[in-house]
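Trainee: Questions regarding the structure given below will be posed in turn.
The values are calculated or read from the model by the stated rules, or taken from the named source; none is laboratory data. Worth saying up front: this structure is predicted, and the values here are computed from it rather than measured. Counting neighbours? That spans all protein chains shown, and the Cβs are built from the backbone with ideal geometry, glycine included.
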Amino acid sequence: MTLTQLKRVRWGVRATLALGVVVSTIANVLHAVDNPISQAIAAWPPVALLLTVELISRIPVDTRALAFGRMLAAALIAGIAAWVSYWHMAGVAARYGETGASPYLLPVSVDGLIVVASICLMELATRIRTLAPEPVPAASSAVVAATVPVAEQPDGPADDADEPALPWQLAPAIPLSQFAAARRRWALANGNRPAIVHRADEPSAQLTTTAAPTPNKVSSAVPDGPDDADPVLSAARTVADELSAAGRRITRDALAAGVRARGLAISTERATVIARELSAAADGRPVAAASAA
């Protein structure tokens, strides 16, 4: 039988057990003294047996000692209910016209039905638990957190967390070899020796392109000088313009990330100095005072 069929049969067995308990309870109440307390006492044993069978059939037990203990208790409750119900039902049958051996045999049919239904119900519960698929436990948040890789965070304060992405972070990636070749041609055209920043043959290295500077330029506040020919300083000014247009602070980490995204090498110390000077220029403070700070 399939699992669905077993569950349907279990409902039929429960109805049969309930019918036997109802008949036994009615007989006990009819034979009791005509007052509520006596009738409640007489009706209790069959109800207790019904509850016991339901508990045993619904709740599994893994320990053998506990299973033996509750089966022993169930047998004791069933014996008490059978003994009490037998004499009540025999008295009711004799009162309402049954003669000979009939009053003593009728209670056996009811109690036997209850016993058979109880055994069938417990057996069906065991079969259903065997066929039912075990639920898969959900993974805990600690295990999920341990398996998900965490992005490496740069050193220093996280001043740009939850900030809008900058243009070079949204632009599509281009191969490093193409970017390095273009940078080498630009350096040769300006009479400079191109610096080796990354290996151009690394296939996994990816850089992002950048958009044109936005109108709110911070670089306009920085005085032009001999460093204008330096591609690192030029890229730093462009990054500062984009940070200012996005409403973000000009920090060392953001400036270094933008310059490196353009394929240029910049040390942490130089990024700190350039960020301090460009930030001071954007705030209208003298560059010398910002460097001293």
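Trainee: Return the residues of the stretch 71-86 that are in contact (Cβ under 8 Å) with a residue 12 or more places away in the chain and under 12 Å from D111 (Cβ atoms); say none if nothing qualifies.
Mentor: A78, I80, A81, A82, V84, S85, Y86
Trainee: Starting from the stretch 256-271, keep only residues that are touching a residue at least 40 places away in the same chain (Cβ under 8 Å) and closer than 13 Å to R237 by Cβ, then list their pairs with residues that are of a type in the set (S, T, Y) and surrounded by 22 or more Cβ atoms within 10 Å (Cβ to Cβ) whose Cβ atoms are within a distance under 9 Å, requiring at least 6 positions of separation or different chains.
Mentor: Close Cβ pairs (under 9 Å, with a partner that is of a type in the set (S, T, Y) and surrounded by 22 or more Cβ atoms within 10 Å (Cβ to Cβ)) amount to G258/T238; R262/T238.
Trainee: Do we find that A93 is buried (at least 17 other Cβ atoms within 10 Å of the Cβ) and out of contact with any Gly (no Cβ under 6 Å at 6 or more places or on another chain) in this structure?
Mentor: The answer is yes for A93.
Trainee: Right, another one. Have a look at T4, T25 and point out the one that is part of a helix (DSSP H, G or I) and touching a helix residue (DSSP H, G or I) at 6+ places or on another chain (Cβ under 9 Å).
Mentor: T25
Trainee: Which residues, taken from the stretch 53-70, are assigned to a helix (DSSP H, G or I) and not charged (D, E, K, R)?
Mentor: Selection gives V53, L55, I56, S57, A65, L66, A67, F68, G69.
Trainee: Let me ask something additional. Going residue by residue through the stretch 128-151, is there one that turns out to be surrounded by 14 or more Cβ atoms within 10 Å (Cβ to Cβ) and at pLDDT 65 or above?
Mentor: Scanning the stretch 128-151 turns up at least one residue that is surrounded by 14 or more Cβ atoms within 10 Å (Cβ to Cβ) and at pLDDT 65 or above.
Trainee: Would a scan of the stretch 30-52 turn up a residue that is in contact (Cβ under 8 Å) with a residue 40 or more places away in the chain, exposed (fewer than 13 other Cβ atoms within 10 Å of the Cβ) and either assigned to a helix (DSSP H, G or I) or not assigned by TED's automatic domain parsing to the domain that holds Y96 (or both)?
Mentor: The answer is no, given that none of the residues of the stretch 30-52 is in contact (Cβ under 8 Å) with a residue 40 or more places away in the chain, exposed (fewer than 13 other Cβ atoms within 10 Å of the Cβ) and either assigned to a helix (DSSP H, G or I) or not assigned by TED's automatic domain parsing to the domain that holds Y96 (or both).
Trainee: Which count do you get for residues in the stretch 13-29 that are surrounded by 13 or more Cβ atoms within 10 Å (Cβ to Cβ) and farther than 17 Å from L106 by Cβ?
Mentor: Total meeting the criteria: 5.
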